[in-house]
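What follows is a set of notes on a single structure, which appears directly below.
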Amino acid sequence: MNIFGKPNAGKSTLLNALIGEKLAIVSPKVQTTRHRIKGFLNTDEYQVIFSDTPGIIEPKYKLHEKMMQSVKSGLEDADLALLLVDVNDNLEEADAVFSGLKLKVPSFVVVNKIDKVSAKRLEEVTSFFGSKKYCKKLVAISALKGLHTDVLLQHIIEALPEGEPFYDSDDLTDMPTRFFVGEMIRERVFEYFEDEIPYHTAVMVTEFKEKTGLIKITAEIIVHRETQKAIIIGEKGKMIKQIGTNARQEIEKFLGSKVFLELFVKVRPKWRDNDLHLKEYGY
Ligand SMILES: Nc1nc2c(ncn2[C@@H]2O[C@H](COP(=O)(O)OP(=O)(O)OP(=O)(O)O)[C@@H](O)[C@H]2O)c(=O)[nH]1
Ligand SMILES: [Mg+2]
């Protein structure tokens, strides 16, 4: 069951809400998610595999192309697609994106952010998508507030084919721990910096060592320019310290262990268009 939609629709928020665990990073800025992230919901009766995907865009850089490749991989193995739309987004644009997916599997249109909408607008959005050929079912939710996410889950379970569990029932995701550690650092960059900085930043975990009672993690924050490096570090190292402290707290919560986190900032001009760098940073 894979989630698709334009950037910022709330796909990652929805994945987290359905799994009941914060797996995917979230931000008010577009293009936060760069990978396909699977989350597993395990109960005695079933296992549902959900995929969050990057927001669908016209690629401008090789990084974007990689992001759209992970959307494509999600299209290839879905049993069911959730087409997520922000209730206040442009309807024609969202429709163009959904139609452009050329889905071969059933899809639900999921109208999100209904905690921030008038009854009149919701009615307009519902009737717009309700008549679309790709819309097998329409569910209106708030992923953030958890409104009707239980209803959505019920519909998903009813629609999914039965089968043997694919993954170990103890697992929560297919991505390695290091990936989530890097993402938690990247999430802080999305939170603290404006303009192009989050889009020129990658994070690479270079060391992950379990010692007694402590996990030692080293990570590099990669940017395009020296000026960006200076901004990330901040005056007297104020910003990098703030990133480190907050990311460490998140990572400690996630790993359930004390963490020693060391951060370095590196400049790699135009890494977003460099195949070797993209590969190195996990794209
Ligand atoms: N008010 C409101 N805000 C929401 C809701 N769901 C998500 N958001 C907010 O919308 C913003 C984008 O959420 P994300 O989950 O990062 O969106 P996304 O679709 O994964 O975005 P990309 O990864 O960039 O494609 C965040 O600020 C969320 O808090 C909702 O139901 N109501
Ligand atoms: Mg996302």
* Structure fact -> Given (1) in contact with a strand residue (DSSP E or B) (Cβ under 7 Å, 6 or more places away or on another chain); (2) not in a loop (DSSP other than H, G, I, E, B), Ala78 misses just (2)
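Those residues that are among the β-branched types (Val, Ile, Thr) and over 22 Å from the mean Cα position of the chain (by Cα), I need them from the stretch 231-247; list them, please.
The initial filter retains those residues of the stretch 231-247 that are among the β-branched types (Val, Ile, Thr), namely 231-233, 240, 243, 245.
Scanning the stretch 231-247 gives Ile231, Ile232, Ile233, Ile240, Thr245.
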* To do: Kindly indicate whether Leu41 is away from ligand 1 (no atom under 12 Å from the Cβ), part of a strand (DSSP E or B) and not aromatic (Phe, Trp, Tyr).
  => yes
* Can we say Phe128 is among the aromatic types (Phe, Trp, Tyr), surrounded by fewer than 19 Cβ atoms within 10 Å (Cβ to Cβ) and at pLDDT below 95? -> no
* Asked: Can you tell me which residues in the stretch 1-17 are touching a Ser or Thr at 6+ places or on another chain (Cβ under 7 Å) and either more than 6 Å from ligand 1 (Cβ to nearest atom) or modelled with pLDDT under 95 (or both)?
  -> Asn2, Ile3, Phe4, Ala17
* Asked: Quick check: anything in the stretch 13-30 closer than 20 Å to Pro176 by Cβ, assigned to a strand (DSSP E or B) and of a type in the set (A, V, I, L, M)?
  -> no
* To do: Select from the stretch 40-55 the residues that are within 16 Å of Leu152 (Cα to Cα) and within 13 Å of ligand 2 (Cβ to nearest atom) and list them in ascending order.
  => Phe50, Ser51, Asp52
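Out of curiosity, is Ala9 within 13 Å of ligand 2 (Cβ to nearest atom), in contact (Cβ under 8 Å) with a residue 60 or more places away in the chain and not in a loop (DSSP other than H, G, I, E, B)? Spell out the reasoning first.
Working: within 13 Å of ligand 2 (Cβ to nearest atom): yes; in contact (Cβ under 8 Å) with a residue 60 or more places away in the chain: yes; not in a loop (DSSP other than H, G, I, E, B): no.
No: the conditions fail for Ala9.
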* Asked: Before we move on, is Leu138 under 24 Å from the mean Cα position of the chain (by Cα), over 15 Å from Leu14 (Cα atoms) and either away from ligand 2 (no atom under 16 Å from the Cβ) or at pLDDT below 95 (or both)?
  -> yes
* To do: Give the stretch 44-63 a look and list any residue that's of a type in the set (Phe, Trp, Tyr) and within 13 Å of ligand 1 (Cβ to nearest atom), or say none.
  => Phe50
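Being among the charged types (D, E, K, R) and modelled with pLDDT of 95 or more is the filter here, so list the residues in the stretch 103-115 that pass it. Before you say what the answer is, go through the steps one by one.
So in the stretch 103-115, the residues among the charged types (D, E, K, R) come out as 104, 113, 115.
Of everything in the stretch 103-115, those that are among the charged types (D, E, K, R) and modelled with pLDDT of 95 or more turn out to be Lys113, Asp115.
The values are calculated or read from the model by the stated rules, or taken from the named source; none is laboratory data. For clarity, every value in this text was computed on a predicted model and none was experimentally measured. Note: ideal-geometry Cβ built from the backbone for every residue, glycine included; neighbour counts use all protein chains shown.
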